[in-house]
Structure formats: structure tokens, C-alpha cells
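Nothing in this text is a laboratory measurement; each read-out follows from the coordinates by a stated rule. From a predicted model like this one, the values you see are computed outputs, not experimental measurements. Cβ placement follows ideal geometry from the backbone for every residue including glycine, while neighbour counts extend to all protein chains displayed.
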Amino acid sequence: MRLFASSFGRALLSQLHIRMLLLTVLPFVLSIAIWGVALWWGLQPMIDWLQDYFVGHNGFGVAGSILNWFNMGALKTVIVPLIAMWALLPLMILTALVFVGLWAVPAISRHVGGRHYPHLEQRHGGSWWGSIWTSLWCFAVFVFAWIVTLPIAIFPPLAFVIHPVLWGWLTYRVMAYDTLADYATPAERRAILHVHRWPLLLVGAIAGAMGAAPTLLWLGGALSVIFFPILAAGAIWLYVLVFVFTGLWFQYYCLEALSKLRAEGAATAGAAN
């Protein structure tokens, strides 16, 4: 746990560096551009389709009964935009995560590696396409688990456990690959992910819990059509900020773990000789 705590402190200090704050700009702008166009053309048709579906299948009656049972009947009037926002949320987060992984994490790697681990040899065991593939297959697993657990997530105590764990797993798998892409060989990466899987999952889960604030801000847009563009933009920027901080945390943790792994390997080889 010493490595877990020390990497958190170092990441927190690095997040305040102007270079790290500027790293949020490009992923934010690209995400806003994509989702601005997507929401402009597709949000209202999606809401209209859901509205027609609910009307044709007595969805409002069923939803009203369930919400009344939880004393949340007032949400019946906004249930359709809430469902639309909830359906779009994973895609929006994936967009921010991919852009951070492609543009911010390499810069984080150069910043942290150059300043704190100049002795660590770069063995380039990852690739740009590998990052994309890892993001996509992990996201597919995540979406499946998200859909399966949606009925359970109705109960707030379970939602506060399930969703951070899901986000933690997704973030841990994607960020760990991107973090070690330049420095570790595939074998070294697998060894680190195996030995440190639980602390890395905890880092991702904490990042997932930190993502609760932008999630609430995003879903809050369904309650205010006028302020929705501002709330959506704010949520995207907060997600990018969380992911950049998480990237720093993973970078410090994984590079320190890699440094120790190579030192142990060198010591073992020296003892054998």
C-alpha cells in the first residue's frame, strides 16, 4: 500500500502542473466537437423514438408505478430524457477515455518518465492500434456488464458499489496498457497487471467514484433543456480532468512497479551467475 499512497500523492502534485492542466484541452475540444454534432443531429430523434415507444407500450404507467414505489413520482415527467442521457453516458465517457489515452497519456508518460525515471529503458511493448483495440474490447465487456447490472443499480447502496467497480475495471485495463506501452514489453506488462491487479483495480475504482460528479452533472442536463449544453460540456471536461489525473496516478504506480520488477530480475540474474 506504500506504493499506492505514494503514487497518489505524486499524481496529485503533478496534476497542478500547468502542462498537465493543458493536456485536458485537446481531448476536451475533440470530445465536444464529436458530441456537439452527435447531440445536435441525434438527441431529439432519440428522445422522440423513446417517447413513442413509452406511449405505445404503456411505459409511462410502468415507470410511474415503479417511481411511486420509491417515492420518486416527480421523475416520471423526465424519465424519457433521463433514459436517453443514461444510454449515451457510456459512449461519451469512452470518447473522453480514448482521446486521453491517445494524446494525454503519451505526454504524461514523457513528463513522468523524463523527470522521475530517466534510467528506465523504453522497450515499446505497446502500439497505437493496441491501445484502440484494448479500449474497444474492454468497453464491450463493460457495456455488457453495465446493461446486466442496470436493474440492480436501481437500489442506491448497490449502485455506489457496482458502478465504481465497473468503471474501475475499465479504467484499470485501458490506462495500464497506455501507461506501459512505451516502457514495458508485453511480458513485463502482463507480469505487472497480474501482481498488482488489486491495487490497480482500486485506483480505477477510486477514479470511477470521482467520476460520479460529472455523471450527475451530465444526467442533470435532462432536467434542464436550457442549460443542457453547458452541463454536458462541463461533464465532459470533468471526465477528461479525472482521466488525466488517473493517468498520472497509473503512470507513477506502473513505472515504479516496472522499475522494481527489472531490479528484481537483474538481482536474480546476478545471483544465478
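Summary table
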{"read-out": "For peptides 100-112, 240-252, 187-199, sequence by mean Cβ density within 10 Å, most packed first", "value": "240-252, 100-112, 187-199"}
{"read-out": "Region 247-260 - phi-based ³J(HN,Hα) in whole Hz, Karplus 6.51/-1.76/1.60, Gly and Pro as x", "value": "x, 4, 4, 4, 4, 5, 5, 5, 5, 5, 5, 5, 4, 5"}
{"read-out": "Estimated distance in nm for a label pair at Phe4 and Leu22, the labels positioned 7 Å out from Cα along Cα-to-Cβ", "value": "3.5"}
{"read-out": "Full-extension gain in nm, Leu91 to Trp137, via 0.36 nm per residue minus C-alpha separation", "value": "15.2 nm"}
{"read-out": "Listed peptides 37-46, 4-13 by packing density, highest first (mean Cβ within 10 Å)", "value": "4-13, 37-46"}
